[in-house]
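Worksheet: the structure to be examined is printed underneath.
The values are calculated or read from the model by the stated rules, or taken from the named source; none is laboratory data. Predicted model, so just to flag it, every value in this text is computed and none were measured. We place every Cβ from the backbone using ideal geometry, glycine too, and count neighbours over all the protein chains shown.
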Amino acid sequence: MKPLVLLGVLLLVLGVLSFVIPLPRREHHGVSIGDAKFSVETENSEKLPPAAGIVLLAGGVVALIVGLRKT
């Protein structure tokens, strides 16, 4: 398989997954006053913006078209 076709398939898969699978994000907030430490850790799961998924899908389609062309 040509490397450009493989890259196109990979970008297509990543583009589809970006619409479905959320990415976990962890934030740590803390305050230290003398010897006392107070902290809160929050966890969020957010999906990528739709524009990122569209760019990945478009890049995958372009890579597939260019990779499958016969020269």
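Taking the stated definitions as given, is A51 part of a helix (DSSP H, G or I), at pLDDT 90 or above and under 15 Å from the mean Cα position of the chain (by Cα)? Give the steps one after another, and end with the answer.
Working: part of a helix (DSSP H, G or I): yes; at pLDDT 90 or above: yes; under 15 Å from the mean Cα position of the chain (by Cα): yes.
Here the answer is yes, as A51 does meet what is asked.
Within region 1-35, the set of residues being surrounded by fewer than 10 Cβ atoms within 10 Å (Cβ to Cβ), part of a strand (DSSP E or B) and aliphatic (A, V, I, L, M) comprises V31, I33.
The set of residues from region 38-71 being surrounded by fewer than 10 Cβ atoms within 10 Å (Cβ to Cβ), of a type in the set (D, E, K, R) and either in contact with a Pro (Cβ under 6 Å, 6 or more places away or on another chain) or farther than 14 Å from V5 by Cα (or both) comprises E41, E43, E46.
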